[in-house]
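Inspection log for the structure reproduced underneath, given as structure tokens.
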Amino acid sequence: MLEKFSYWKVKSKKENNTDNNNLENIPKHVAVIMDGNGRWAKKRGLPRIAGHREGMNVINKIVKKANQLGIEVLTLYAFSTENWKRPKNEVDFLMRLPERYLSVELPKLIEENVQIRFMGCTNNLPNHTIQAIEKAVEQTKCNTGLILNFALNYGSRDEIVSAIQNIAKEAVSGNLDPNSINHELVSKYLMTEELRDPDLLIRTSGEIRLSNFMLWQLAYTEFWFTDVLWPDFSEEHFLEALHVYQQRIRRFGGI
């Protein structure tokens, strides 16, 4: 069983009309697959960790813009359960990133009323990573602004399996009628139980797949893909994604 923390391609910039004065139909929950750090570094003859370091700087800009726009939740895919297959030096660096990021940015995030959350499996995470996470969650738990939700050591299939296991245990113990199991109940057993499903998914670097990210929650999410590598992703790209979202009509299976 998983232990959880307590808690289509880019168009021309000329078509980007989203700004701070155009706040109608802003997505309440935006999820981002931050992809392309390694390729960004390779193109420049740098080690892959240089791309991750640069990508961390981009997070600051997007978090600030999302908070300014009144977006309620920003979920960032920081490390998947499959990323353990990467070279050890890269994994070790990635496990240090939460600590490095929060040691500098936590006071600013507190000042900006941002609430930090993490979702993922605590298994295999180093103690220093868990301690940094727990400190950030505790110190921001009363903040009422943007929820900055990091998916760390997260895999959607594992999340769903864990939910099924827990529901089955409740049914076997007699605390749950199997006939009462529905979409809403399943959602309550997921790591996003307190969050609404994402309205918009952004993936950078030109890859067009979900990579085991929030498979249940993204059922009716609008997707926006870009060839831009994450370290090159700017506020303008973010606004462009929001603008494309604003032009879409979400029918949720209706007419």
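Here residue 72 clears all of (1) exposed (fewer than 13 other Cβ atoms within 10 Å of the Cβ); (2) within 15 Å of the chain's Cα centre (by Cα); (3) among the acidic types (Asp, Glu) except the condition numbered (1).
Evaluate the following for residue 82: is it among the charged types (D, E, K, R) and surrounded by 16 or more Cβ atoms within 10 Å (Cβ to Cβ)?
Numbers: among the charged types (D, E, K, R): yes; surrounded by 16 or more Cβ atoms within 10 Å (Cβ to Cβ): no.
Criteria not met by residue 82.
Please work out which residue is nearest to residue 42 (Cα to Cα), limiting yourself to segment 233-255 and to residues that are outside any loop (DSSP other than H, G, I, E, B) and touching a Ser or Thr at 6+ places or on another chain (Cβ under 8 Å).
In the first step, residues of segment 233-255 are kept if they are outside any loop (DSSP other than H, G, I, E, B); the result is 235-247.
Keeping just the survivors that are touching a Ser or Thr at 6+ places or on another chain (Cβ under 8 Å) gives 237, 239-243, 246.
On the way: 237: 22, 239: 27, 240: 27, 241: 26, 242: 29, 243: 31, 246: 35 Å.
Among residues in segment 233-255 that are outside any loop (DSSP other than H, G, I, E, B) and touching a Ser or Thr at 6+ places or on another chain (Cβ under 8 Å), the one nearest to residue 42 (Cα to Cα) is 237.
Search segment 144-202 for residues being within 30 Å of residue 67 (Cβ to Cβ) and among the hydroxyl-bearing types (Ser, Thr, Tyr), and hand back the single one that is surrounded by the most Cβ atoms within 10 Å (Cβ to Cβ). Taking the candidates together, the pick is 154.
When restricted to residues that are modelled with pLDDT of 95 or more and either under 15 Å from residue 64 (Cα atoms) or hydroxyl-bearing (Ser, Thr, Tyr) (or both), segment 109-125 contains 8. Here residue 102 fulfils each of the conditions (1) assigned to a helix (DSSP H, G or I); (2) under 23 Å from residue 193 (Cα atoms); (3) in contact with a helix residue (DSSP H, G or I) (Cβ under 8 Å, 6 or more places away or on another chain) apart from (2).
Of the helices (runs of 4 or more DSSP H) lying entirely inside segment 105-200, those containing at least 1 residues that are of a type in the set (Val, Ile, Thr) and in contact with a Leu (Cβ under 9 Å, 6 or more places away or on another chain) span 127-140, 156-172.
Applying a threshold of 6 Å to beta carbon distances and a minimum spacing of six or more residues, or different chains, the list of pairs starting in segment 39-61 at a residue that is surrounded by 14 or more Cβ atoms within 10 Å (Cβ to Cβ) and ending at one that is basic (Lys, Arg) and not in a helix (DSSP H, G or I) is empty.
Of all residues in segment 203-231, those satisfying the criterion of being surrounded by fewer than 22 Cβ atoms within 10 Å (Cβ to Cβ), in contact with a Pro (Cβ under 9 Å, 6 or more places away or on another chain) and part of a loop (DSSP other than H, G, I, E, B) are 218, 221. Examine segment 191-199 for a residue that is over 19 Å from residue 59 (Cβ atoms), of a type in the set (S, T, N, Q), at pLDDT 95 or above and within 17 Å of the chain's Cα centre (by Cα), and state whether such a residue exists. There is at least one residue in segment 191-199 that is over 19 Å from residue 59 (Cβ atoms), of a type in the set (S, T, N, Q), at pLDDT 95 or above and within 17 Å of the chain's Cα centre (by Cα).
The values are calculated or read from the model by the stated rules, or taken from the named source; none is laboratory data. No experiment lies behind these values; they were computed from the predicted model shown. Counting neighbours? That spans all protein chains shown, and the Cβs are built from the backbone with ideal geometry, glycine included.
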